Structure formats: C-alpha cells, structure tokens
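The values are calculated or read from the model by the stated rules, or taken from the named source; none is laboratory data. Note that the coordinates shown come from a computational prediction; the quantities given were computed from them, not determined experimentally. Backbone-built Cβ (ideal geometry, glycine too); neighbour counts: all protein chains shown.
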Amino acid sequence: MSVRRTGAICAVALGVSYVIASLSYLLLPAEQKGGTLLHHPEKYLSSLAHDSTLLVLNHLTLGIGALLGVAVIIGVWDWTRSPNAGWMRWIGALGYLGFAVTAIDNFQIAALDPMRAAQFARGELMTRTVIEVTNPIISVDPQMWLSFGLTGIWILAVSLLAFRRKLMPGLHALLGVIAAASYLFIEIGSVMESQFLLLFAAGAGGLLIGPVWYVWLGVVLWRSEGAAPA
C-alpha cells in the first residue's frame, strides 16, 4: 500500500480513537479527571485503586492514536511536499516529537498509575508518602506542552499550507484551525488547573472537531492518490 493511503487509513483510525479517548475521559469519575494536576494524589489514587478501567482505556487509546499519528504525518508530507517547503519538514519533525511524547506518556501512565494506586491503597504511611511525593515525575509531559502543543502546531501548519495550495477545502482548513485552538485550551487548562477548559477541549475538540478533521484528512489523502503519483 502507498504512503498516502497508509496515512489515509491511519488518519481515519486516529479520528475514531479520539472519539473513544474523549468519551472515556468524559465518563471518568470526577476524582480521576485531570489526575493529580487537579486533585490531591490521595484522592486520585484512592479512586483509581477502586476502578481504573476507564482511565487505562483513555490512556491506551491516546497512546495507540499517537502511533497512528506518525503514519499520518508521513502520508501528509508526501501529499504536501514541494521543493520550497523546508520549513514544513521542521513542522513535521515537531509533529513526530509531539506524537512520540504522547505515546510514551500515555503508555507509561496506563501501566504505572493503576499499580501505584494499588500499592497506595494497601501501603503503610511511609509507602503512601513516597508514592504521593514521586507522583509528579510519572508523566514526562505533565502540562502537555509537547504532546498536544506540538501536535496542535502541526495541525495548524498543515491546514494553512494545504488551504493555500488548494489541496484542502476552506471548511476543512477552518476545522484544523479550531482543532489547534482546542489543543491550546488543554495547555491553558493544565496551567490554570481548570476542569472546565479540559472538559471543553475533550468535548468540543476531542469528541467532535478533531475526529472530523482527521477523518476528512483521511478521505482527502486517499483520493489524492489517484490525482497525483505518490
């Protein structure tokens, strides 16, 4: 299968993964939404020890989606490449980094947090204290500037470039701009410790705008294969 069509299939799958990840986040118990960024470690870990199913699903889905995103970037580069688009290579590299950090961070949290929660629930005071104190180092990107931040920059750049070169309809490009803005809300929500902004980004960006943008991108990539050689 060609690079573009591989990217097209992965883009559609990535869009679907966003819906699953967003729904699982919105359905999380209140004490688990935002993790220790918004809640005291004892409250978060106690809730997680009781039931970690949705949290693990959320982070695994985000991790798998990030791996799909790498294939999407490869397909998009083949679709938008031009002799004078050197800066797009740099933006693409930032996208790779963003998706890579997303995958590492989410797979790590999915594996470690349930185990730490179980140890916290049955541990002595010293064990609980150590787990609470070391909690901030579990995530490699606690405020998600690298994961959602760099990925958002890539979405914005691709939308603007593709629209400028008439590869993408105006509405599709506009959705990309809005999707990139919703990623920014995640960073702002993380810094401000705002549950509302995080829920808004998950609902509007992750459940609707982001998936539509990626699925539409997949359709565009698939159709472009017949219009021009990969």
If I ask for residues that are within 17 Å of the chain's Cα centre (by Cα) and within 15 Å of SER159 (Cβ to Cβ), which ones from segment 70-90 would you list? VAL72, ILE73
So GLN195 clears everything in (1) polar (S, T, N, Q); (2) over 22 Å from the mean Cα position of the chain (by Cα); (3) within 20 Å of ALA21 (Cα to Cα) except one condition, right? Which one? (2)
Residue check: is ALA180 out of contact with any strand residue (DSSP E or B) (no Cβ under 8 Å at 6 or more places or on another chain), surrounded by 15 or more Cβ atoms within 10 Å (Cβ to Cβ), more than 12 Å from GLY34 (Cβ to Cβ) and modelled with pLDDT of 85 or more? yes
Taking segment 183-208 and keeping residues farther than 18 Å from LEU146 by Cβ and surrounded by 22 or more Cβ atoms within 10 Å (Cβ to Cβ) leaves ALA202
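Rundown of residues vs (1) touching a Cys at 6+ places or on another chain (Cβ under 9 Å); (2) free of Cβ contacts under 8 Å to residues at least 24 places away in the same chain; (3) under 21 Å from LEU150 (Cβ atoms), yes/no style:
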{"site": "LEU38", "(1), (2), (3)": "no, no, no"}
{"site": "SER46", "(1), (2), (3)": "no, no, no"}
{"site": "ASP51", "(1), (2), (3)": "no, yes, no"}
{"site": "LEU54", "(1), (2), (3)": "no, no, no"}
{"site": "LEU62", "(1), (2), (3)": "no, no, yes"}
{"site": "VAL70", "(1), (2), (3)": "yes, no, yes"}
{"site": "TRP90", "(1), (2), (3)": "no, yes, yes"}
For segment 170-200, give me each residue that is in contact (Cβ under 8 Å) with a residue 40 or more places away in the chain, among the aliphatic types (A, V, I, L, M) and either touching a helix residue (DSSP H, G or I) at 6+ places or on another chain (Cβ under 6 Å) or not in a helix (DSSP H, G or I) (or both). LEU175, ILE186, LEU198
Wholly inside segment 26-137, helices (runs of 4 or more DSSP H) that include 3 or more residues that are within 24 Å of GLY210 (Cβ to Cβ), modelled with pLDDT of 95 or more and not small (Gly, Ala, Ser) are 53-80, 86-122
Looking only at segment 91-145, and only at residues there that are of a type in the set (Asp, Glu) and more than 23 Å from ALA21 (Cα to Cα), the one that is surrounded by the most Cβ atoms within 10 Å (Cβ to Cβ): GLU132
Applying the selection to segment 1-34, what residues are touching a Phe, Trp or Tyr at 6+ places or on another chain (Cβ under 7 Å), free of Cβ contacts under 8 Å to residues at least 60 places away in the same chain and crowded, with 21+ Cβ neighbours inside 10 Å? GLN32
Only one residue in VAL215, VAL140, VAL130 is in contact (Cβ under 8 Å) with a residue 12 or more places away in the chain and more than 20 Å from VAL56 (Cα to Cα), so which one is that? VAL215
